[in-house]
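> My questions all concern the structure below.
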Amino acid sequence: MCDHRRVWRRLGVLDWVRIGLLALGLVFLVTGLLPWARAAESFESVGPLLIFLVAIIVLAELTKEAQVFDAIAARMAVLGRGNYAALFVLCTAFASFVTIFLNLDTTAVLLTPVMLALAPRARIAALPLAMTTIWLANTASLLLPVSNLTNLLGMDKIGLDATEFAARMWAPQVVSIAVTMAFLWVFFWRRGERRDLRYTPPVLEPVADRALFATASAGCLLFIVLLLAEAHVALAATAAAAVVVAAFVLRARERLTWSLIPWQLVVLVTGLFLVVPTLSAHGLSGLMSWMIGAEGDPYRTAAVGAALSNAINNLPAYQAVEAVIPATDPDRLLALLVGTNVGPVITPWASLATLLWFESCRRHGVRVPMRRFLLTGAGLAVVGLVATVWALVAFA
């Protein structure tokens, strides 16, 4: 009993919110507010997404345990040779790459601690590194379906495969990253903000287990190759994770714990897939239709997606608005993705990645000035949204 009580006491506020959301969804299901047929249809679409979500987080967690991220971050700092501009370009490229290919939550949850651990070793201010990870975790998540759960949610309705999706979103992705880099440099990285002229490159340390390091690196490459070969994202992530898990079974079985399973994300997504369809069937859809209008304006659609994301979180925001956009209007669905991916950079709860990032900063003792976070995020959201939707329309 004592162990059970300790488990319950370890649950934070966000954990209780997730559990409460799932409980509310189950109440809707039991009382008939959400028909069983509609729930079954919802879970048929969310099932593969949950498999992908669990597999990609396990892959990323074990890749971090194998010191792959640490090694890359340290070598980036060495490659920059004390030059902040060079380090800035390397960090933004690394964060963008991880977000695009390994999901934004990987960047927020796993890359943030790596960057924050690098800061004292290289005597670099922690806040610029932290802001780089969280802003690019959101704004660099447009290119591939796997980059963001919202992309995966919309894939069937949008009617594009991974290659076609990337062909439509490459220009918006380039623009959103460019705008983010400009805001990062002006508000966090330039000399007037960071104060130091140069930084001290860290001393490289050998990895603890070269076999695990090599296998984890190969697992990540396998995932990317399978994606390029247009394998289903759940299959690609599961295959890659299985390779890395097998290596840990052989060499470091004690590190394979139940904490690797992202149960919080599973509970949250399951709850959303019960609650949002219920609310949509009882008046929410009418409100969403009124908000985005009947003119098909992509800027308005993106703005509504961004505003709702910052108000209630981008996952329910995307689900609520997507329900009222017909499948015959893929351009507006893509504009909505811009709003729910690029826009959630203002409030701490705008995306799950941001919530997890704040927790990581708190654990590492990094103070995030809230007023500065809100104001710079608002500027990035407005400029980034307009520029990215323009690219979506111009390069259609």
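> Please name all residue pairs, on different chains or six or more residues apart, with Cβ atoms under 6 Å, provided the first residue is in segment 220-239 and is closer than 20 Å to GLU61 by Cα and at pLDDT below 90 and the second residue is assigned to a helix (DSSP H, G or I) and of a type in the set (Gly, Ala, Ser).
Filtered contacts from segment 220-239: PHE223/ALA236; PHE223/ALA240; LEU226/ALA236; LEU227/ALA236; ALA237/ALA55.
> Specify which of the listed residues (PRO113, PRO120, PRO128, PRO202) is without any contact (Cβ under 8 Å) to a residue 12 or more places away in the chain and closer than 15 Å to ALA73 by Cβ. Working first, answer last.
Values: PRO113 fails: without any contact (Cβ under 8 Å) to a residue 12 or more places away in the chain; PRO128 fails: without any contact (Cβ under 8 Å) to a residue 12 or more places away in the chain; PRO202 fails: without any contact (Cβ under 8 Å) to a residue 12 or more places away in the chain.
Of PRO113, PRO120, PRO128, PRO202, the one residue that is without any contact (Cβ under 8 Å) to a residue 12 or more places away in the chain and closer than 15 Å to ALA73 by Cβ is PRO120.
> With respect to LEU333, is the statement that it is under 24 Å from THR107 (Cα atoms) and not aromatic (Phe, Trp, Tyr) true? Let's see the steps before the verdict.
Numbers: under 24 Å from THR107 (Cα atoms): no; not aromatic (Phe, Trp, Tyr): yes.
It is false that LEU333 is under 24 Å from THR107 (Cα atoms) and not aromatic (Phe, Trp, Tyr).
> While we're on this one: When you check VAL207 against the structure, is it of a type in the set (Val, Ile, Thr), over 21 Å from LEU111 (Cα atoms) and in contact (Cβ under 8 Å) with a residue 12 or more places away in the chain, yes or no?
Numbers: of a type in the set (Val, Ile, Thr): yes; over 21 Å from LEU111 (Cα atoms): no; in contact (Cβ under 8 Å) with a residue 12 or more places away in the chain: yes.
Judged against the criteria, VAL207 is not a match.
> Any residue in segment 244-260 that is among the acidic types (Asp, Glu) sitting within a Cβ distance under 7 Å of a residue that is exposed (fewer than 12 other Cβ atoms within 10 Å of the Cβ) and in a helix (DSSP H, G or I)? List the pairs, counting only those 6 or more apart or interchain.
Correct list of pairs: empty, since none qualify.
> Answer with yes or no whether LEU136 is of a type outside the set (Phe, Trp, Tyr), closer than 17 Å to ASN103 by Cα and part of a helix (DSSP H, G or I). Working first, answer last.
Numbers: of a type outside the set (Phe, Trp, Tyr): yes; closer than 17 Å to ASN103 by Cα: yes; part of a helix (DSSP H, G or I): yes.
Yes, satisfied.
> Where residues in segment 75-111 are more than 12 Å from the chain's Cα centre (by Cα) and polar (S, T, N, Q), which of them is farthest from GLU359 (Cα to Cα)?
Filtering first and then ranking leaves ASN83.
> Also, quick follow-up: Please indicate, with yes or no, whether at least one residue in segment 358-375 is buried (at least 23 other Cβ atoms within 10 Å of the Cβ) and not hydroxyl-bearing (Ser, Thr, Tyr). It would help to see each step written out before you state the result.
First pass over segment 358-375, keeping only residues buried (at least 23 other Cβ atoms within 10 Å of the Cβ): none.
Looking for residues that are buried (at least 23 other Cβ atoms within 10 Å of the Cβ) and not hydroxyl-bearing (Ser, Thr, Tyr), one finds none in segment 358-375, hence no.
> Where in segment 232-332 are there helices (runs of 4 or more DSSP H), lying fully within it, with 2 or more residues that are within 21 Å of LEU352 (Cα to Cα) and polar (S, T, N, Q)? Please lay out each step first, then the result.
Values: elements: 233-251, 263-279, 285-292, 298-312, 314-322.
Because the criterion is at least 2 residues that are within 21 Å of LEU352 (Cα to Cα) and polar (S, T, N, Q), the helices (runs of 4 or more DSSP H) in segment 232-332 that meet it are 263-279, 298-312, 314-322.
> Let me spell it out: the conditions are (1) closer than 25 Å to ILE19 by Cα; (2) out of contact with any helix residue (DSSP H, G or I) (no Cβ under 7 Å at 6 or more places or on another chain), and ALA231 meets all of them except one. Which number is the exception?
(1)
> Restricting the search to segment 333-357, which residues are surrounded by 24 or more Cβ atoms within 10 Å (Cβ to Cβ) and assigned to a loop (DSSP other than H, G, I, E, B)?
Hits for segment 333-357 are GLY343, PRO344, VAL345, ALA350, SER351.
> Assess whether ALA311 counts as being of a type in the set (A, V, I, L, M, F, W, C) and surrounded by fewer than 17 Cβ atoms within 10 Å (Cβ to Cβ). Don't jump to the end; show me each part of the working.
Details: of a type in the set (A, V, I, L, M, F, W, C): yes; surrounded by fewer than 17 Cβ atoms within 10 Å (Cβ to Cβ): yes.
Criteria met by ALA311.
The values are calculated or read from the model by the stated rules, or taken from the named source; none is laboratory data. All of these numbers come straight from a predicted model, not from anything done at the bench. Here the Cβ is made from the backbone with ideal geometry for all residues, glycine too, and neighbour counts use every protein chain on show.
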